[in-house]
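Visitor: If you scroll down you'll find the structure; I have some questions about it.
The values are calculated or read from the model by the stated rules, or taken from the named source; none is laboratory data. Since we're looking at a predicted model, the values are computed, not measured. Here the Cβ positions follow ideal geometry from the backbone for every residue, glycine too, while neighbour counts run over all protein chains shown. What goes into the accessible areas is simple: the full protein's heavy atoms, side chains included, and nothing from ligands, DNA or RNA. Shrake-Rupley method; radii C 1.70, N 1.55, O 1.52, S 1.80 Å.
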Amino acid sequence: MRATMRLALLGAGAALVTTAMGATAARAADGGSGNITIDKVVVNGGKPVVVGATRVVSAKVSVTASDDSGIAETSYISAWGPHPNYAQIWDDEITCVKVSATRSTCTGTLTFDPQASTGFVGNSAAATWRLATLVSANDYDYIHRDAATTFKVQREARLTTNASPEPVRKGRTITVTGLLSRADWDANKYTGYARQKVTLQYRKKNSSTYTDVKTVTSSSTGSLKTTVTASADGYFRYRFAGTSTTATVTSTGDFVDVR
């Protein structure tokens with residue numbers, strides 16, 4: 001890698017250290033030389049990276065940097081979660097496009113595999129991650145940041161709603177059940193999310209707006225159950241606002257015919 005060789009020749013303290021397989025960049029202290037700057041870093045469009053139980057998820061990363069001589073390359077982009085979780089992009093997987101003579105935006109894609117044996121390991125990966133990067137300029141200036149930005153990795157949630165009986169007479173009781181579950185990366189399946197507050201919502205048949213009805217707490221297995229009084233044709237759904245480790249989710253509305 002050109003930038004790595006440059007740093008070695010310059011005797012830079014922030015030079016990359018790699019494993020024997022060359023797969024992982026070691027975390028290093030912030031450093032640099034010259035007037036190069038990192039102007040903006042964006043991961044996944046600024047949204048949390050939400051990962052399900054089995055499917056590999058990709059997240060685009062962009063690093064915008066400036067130097068009076070122009071940007072030569074971004075040598076690597078590394079994402080670090082709680083040990084031992086990490087994701088890596090090397091220079092041959094990074095594309096740099098000039099924004100101007102002095103500024104470029106370099107992009108690459110991080111991947112998160114919930115079934116991997118290394119890199120993304122178990123439920124501890126649901127946390128705030130930091131993004132490290134090393135950028136070099138045409139005049140051999142360079143900049144390394146151990147936490148150029150941070151982003152969240154979250155467990156995907158699923159939510160169902162079933163309102164019954166249907167049809168139902170006006171004034172009678174409607175029972176609304178459901179299940180809140182989330183990805184379990186230790187077992188690679190979805191399991192019930194216990195003792196979480198979920199909002200029951202309702203909209204009339206000819207309306208486009210849902211309104212909050214009540215708050216329901218999920219059971220030890222993630223199940224939901226509550227009752228309401230039938231008033232008019234409409235749709236019921238549950239909505240979960242999410243937590244720091246688990247993404248928000250809204251179920252599909254279930255129609256009830258009130259007669």
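Visitor: Across segment 113-121, in residue order, what do the Karplus-derived ³J(HN,Hα) couplings come to in whole Hz, using 6.51 cos²θ - 1.76 cosθ + 1.60 with θ = phi - 60° and x for Gly and Pro?
Guide: 10, x, 9, 6, 8, 9, x, 9, 10
Visitor: How big is the charge dipole of the chain about its Cα centre, in debye rounded to the nearest 20, if each Lys and Arg gets +1 on its Cβ and each Asp and Glu gets -1 on its Cβ?
Guide: Roughly 1740 debye for the chain.
Visitor: Also: Solvent-accessible area per residue for segment 215-259 at a 1.4 Å probe radius, Å²?
Guide: Accessible area per residue: 46 Å².
Visitor: Something else now. Less than 13 Å apart at the alpha-carbon level, and either on another chain or at least 8 residues along: which aspartates and glutamates does that give for LYS170?
Guide: ASP233, ASP257
Visitor: Rank these by accessible area, largest first, 1.4 Å probe: TYR202, TYR76.
Guide: TYR202, TYR76
Visitor: Taking the full set of protein chains and a 1.4 angstrom probe, give the accessible area of ASP30 in square angstrom, rounded to the nearest 10.
Guide: Per-residue accessible area (ASP30): approximately 90 Å².
Visitor: How large is the dipole of segment 73-187 about the Cα centre if only Lys and Arg carry +1 and Asp and Glu carry -1, each at its Cβ, rounded to the nearest 20 debye?
Guide: In total the dipole reaches around 1040 debye.
Visitor: Express in Å², to the nearest 10, the accessible area of PHE120 obtained by rolling a 1.4 Å probe over the protein heavy atoms while all chains stay in place.
Guide: 10
Visitor: Next question. Let me check against my output: what whole-number percent is the relative contact order of the chain, with C-alpha pairs under 8 Å and at least 6 apart?
Guide: In percent, rounded to a whole number, it is 17.
Visitor: Leaving ligands, DNA and RNA out of it, work out the accessible area of THR177 with a 1.4 Å probe and give it in Å² to the nearest 10.
Guide: 50
Visitor: Only one of the values (i) 1.35; (ii) 1.10; (iii) 1.20 was calculated from this structure for Cα Rg over 2.2 N^0.38 Å; name its label.
Guide: Correct label, based on the coordinates given: (i).
Visitor: Given the pairs LYS47/LYS152; LYS197/LYS225; LYS152/LYS189; LYS40/LYS60; LYS189/LYS225, which are separated by over 18 angstrom at their Cα positions?
Guide: Distance filter (> 18 Å) returns LYS152/LYS189; LYS189/LYS225.
Visitor: Right, next: Could you check how much of the accessible area of the chain is carbon and sulfur, as a whole percent, using a 1.4 Å probe?
Guide: Answer for the chain: carbon and sulfur cover 47 percent of the accessible area.
Visitor: For ALA187 and THR109 in one chain, what is 0.36 nm times their gap in residues minus the Cα-Cα distance, to one decimal in nm?
Guide: This chain segment gains 25.5 nm when fully extended.
Visitor: Quick one: what are the phi-derived ³J(HN,Hα) couplings along segment 246-251, Karplus 6.51/-1.76/1.60 with θ = phi - 60°, whole Hz, x for glycine and proline?
Guide: Each residue's phi maps through the Karplus curve to give 10, 6, 5, 7, 10, 6 Hz.
Visitor: Hey, if you put +1 on the Cβ of every Lys and Arg and -1 on every Asp and Glu Cβ in segment 135-174, which of ILE174, THR160, TYR142 ends up farthest toward the positive end of that dipole?
Guide: Of the candidates, ILE174 comes out farthest on the positive side.
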